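The values are calculated or read from the model by the stated rules, or taken from the named source; none is laboratory data. Remember, predicted model here, so these are calculated numbers, not experimental data. Note that we place each Cβ from the backbone using ideal geometry, even for glycine, and neighbour counts take in every protein chain shown. Accessible surface is based on the protein model in full, side chains and every heavy atom, while ligands, DNA and RNA are left aside. Shrake-Rupley method; radii C 1.70, N 1.55, O 1.52, S 1.80 Å.
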4 protein chains.
Amino acid sequence: MTVYNRIAAQDLGRIAALSDGIFAFAMTVLVLEIHIPDKLDIHLEAELWAGLAALAPRIVTWLLSLMTLGIFWVGQQTHLNHLSHADRDLSWLHFLFLACVTALPFSTRLLAEFITYKTAFLIYWFNIVLCGVSVMAGVIYADRAGLIKPDAPEHFSRAFRRRVIVAQALYALGAALGFISIPLGIGFIVLVQLNYVIAPRVPILFKL
Amino acid sequence: MTVYNRIAAQDLGRIAALSDGIFAFAMTVLVLEIHIPDKLDIHLEAELWAGLAALAPRIVTWLLSLMTLGIFWVGQQTHLNHLSHADRDLSWLHFLFLACVTALPFSTRLLAEFITYKTAFLIYWFNIVLCGVSVMAGVIYADRAGLIKPDAPEHFSRAFRRRVIVAQALYALGAALGFISIPLGIGFIVLVQLNYVIAPRVPILFKL
Amino acid sequence: MTVYNRIAAQDLGRIAALSDGIFAFAMTVLVLEIHIPDKLDIHLEAELWAGLAALAPRIVTWLLSLMTLGIFWVGQQTHLNHLSHADRDLSWLHFLFLACVTALPFSTRLLAEFITYKTAFLIYWFNIVLCGVSVMAGVIYADRAGLIKPDAPEHFSRAFRRRVIVAQALYALGAALGFISIPLGIGFIVLVQLNYVIAPRVPILFKL
Amino acid sequence: MTVYNRIAAQDLGRIAALSDGIFAFAMTVLVLEIHIPDKLDIHLEAELWAGLAALAPRIVTWLLSLMTLGIFWVGQQTHLNHLSHADRDLSWLHFLFLACVTALPFSTRLLAEFITYKTAFLIYWFNIVLCGVSVMAGVIYADRAGLIKPDAPEHFSRAFRRRVIVAQALYALGAALGFISIPLGIGFIVLVQLNYVIAPRVPILFKL
């Protein structure tokens, strides 16, 4: 007898398409959270400049979350590109990962609104941890279930896992620094992310 | 003469792409419904924790609907993966199914806001029934119209229909339990869904 | 010298993907417009039922626009499926068509809020006309520019144009009936659309 | 040892799919910003017409941003269509470009609300500059990194860059005109964009 669970969700393209929808929506929602100044408060060009300058905390958290999204978008697609096919467990692990991604605009709003609160910063960090753990679970599962393409680069899975572990260790350090000072913690995480975005051709940084 | 209806909508990829867009937005909208605490009410870390703890009903209904979306996303793609092509009737049946999916954030909001009302719980359950009925209609139609791939696993269609019927029977039992106690009904549906998400390797459960 | 305009936008897949995003978002936004009853007004199950029943005009306009979206989604993909490639003019005509589709949630909201006003009904109808004219422009252009697949069914383009013209004539009749009575006009358009959705196997209707 | 950065993000399809999601949401969000008149202010058909006429500044900025989106959507896909594959740097440059695109609804809202303020107009113009610079960076990078298809039209990259430079020079002229008069600046940019949308078969304009 054919059991439903054995034949479910074998299409990598559907995971990719759902992911692109989720990331596109998350990027858009992040900007929707930045409200323009109230017209009633503005009568001069200088007041409009001042009103826009007051958006700074929103813009910092927007850029922070934008980098987070970009890093995970690049990471997840690198993982998917090296798989030959999917199965239901892999689909569910990615669904879980995407659910963590959809929570990021919530955590970002919380951080922007309560930027002086450790609680908000820890929840934001925890969201990044959840994204990392769920993407890692997908990588480990794909390895065990034999879903990796035969022609994938040698040690592909190890390189990927090493990357996630190093990144999460650095984020955890950022979270620890946040207990001393929240701006210090956020600043450290921004620097870590900038390194992943720019991938400077400095050997020690490029290999992080 | 070429009749429009005979040549309309033969592309499975378009159904898949529309579906991924719908599921991506539905997942994102579910999180947008969870509002962060009001800044004016919060002056201490403990108050922020309390404010977040008060979001519990929203978070429970979010997780419930997230699982519902995931189960139908996996289900629908399993169905589509085994078809060779589409036609206009199949496209419309999936369009109908997706319209039911877009209604889920509405039902979820209603359930979160009126969690002690049987009416809200029944409407939520009815939304799941509509999703199940419309996906089932697509499966039955595809079978009759000869749209299933020749190399699909034997009894594919039967395995799929069996799955939908068992699931809907369990949801109906959950709805009936909701007449005794709403938390009991919701709890039962959560357990049923967790079983479908995790697909434990316990023969009796795996085959449900 | 290579002129940019000669090499721009030759990919049908990008038009299809943008379209599916637009339709998915429009379908989702239509539901977001249906607000749940205010919790402060509701104390009994019966009051919740009454509050939901009061949503009837919203639900009618939702179903109306859902059918409109479905009809144009099926229509546009039927058109695209029979093309061999795109060019910049075709891409812009579809972009224009999609811009008309994004306006539909606006027209729907206007109609739902001002359902007794001829102005709102005429703007809604005009939105359908714009969708029809722009999709028709794409069909005519593709025909002239030689973008149709060699193996497309004979008279494909003629069948498509005939469909659009008949549909628009019926919608115009609905608009005219709206001058006598708005519910009559809406009712007539709903019937026309139901015919296109269901495509009953009655020869005279199937061929409309 | 396999270094993560060398194997990351080689799939053009993912860039395309993320882009289509972003453009689809941006187009939809632009319309969501146009609010229908308040029901309490409207008692007659004539009042509804007047209420809709008062939306004119919103509709002008909507059309302006719609053309901006269309021009960049066509431009970016023309670029991507001529590449053989992606790498992590190209993916990040496109991610950056898309982040600029997600900011456009914000700039549009700002311009619509503060249409008499130079600050708002300059920020809107600066957003177009950022879109142009980031898409240009992708084109230059792809050229240097050898990502262009062997069969791409000769001088493809040069034709593309020329197009971006001419367009940005015209937009800069529009911004300069805005210092004399904001309506003049907006009007000039609208004309430039209309030329790119329609691509009239007038040699001097077609080659701009």
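A few notes on this one:
- Filter result (assigned to a loop (DSSP other than H, G, I, E, B), touching a residue at least 24 places away in the same chain (Cβ under 8 Å) and at the interface with another protein chain (Cβ under 8 Å from one of its Cβ atoms)) within the range C:10-49: C:Gln10, C:Asp11, C:Ile34
- Qualifying residue in the range A:110-117 (condition: of a type in the set (Val, Ile, Thr), crowded, with 22+ Cβ neighbours inside 10 Å and more than 30 Å from A:Arg6 (Cβ to Cβ)): no
- Looking across the range D:50-63, the residues that are assigned to a helix (DSSP H, G or I) and of a type outside the set (S, T, N, Q) come down to D:Ala50, D:Gly51, D:Leu52, D:Ala53, D:Ala56, D:Pro57, D:Arg58, D:Ile59, D:Val60, D:Trp62, D:Leu63.
- Selection count, the range C:155-177, where residues are within 19 Å of the chain's Cα centre (by Cα), away from every other protein chain (no Cβ under 11 Å) and surrounded by 15 or more Cβ atoms within 10 Å (Cβ to Cβ): 5
- Residue ID - most open to solvent (accessible area, probe 1.4 Å), chosen from residues in the range B:64-93 that are more than 7 Å from every other protein chain (Cβ to nearest Cβ) and of a type in the set (S, T, N, Q): B:Ser84
- Output for the range D:139-164, where each listed residue is farther than 20 Å from D:Arg88 by Cβ and hydroxyl-bearing (Ser, Thr, Tyr): D:Ser157
- When the range B:78-93 is filtered for residues that are in contact with a Leu (Cβ under 8 Å, 6 or more places away or on another chain) and closer than 19 Å to A:Tyr4 by Cβ, the ones remaining, listed by number, are B:Leu80, B:Leu83.
- Flag for C:Leu96 being touching a Ser or Thr at 6+ places or on another chain (Cβ under 8 Å), facing another protein chain (nearest Cβ under 9 Å) and free of Cβ contacts under 8 Å to residues at least 60 places away in the same chain: yes
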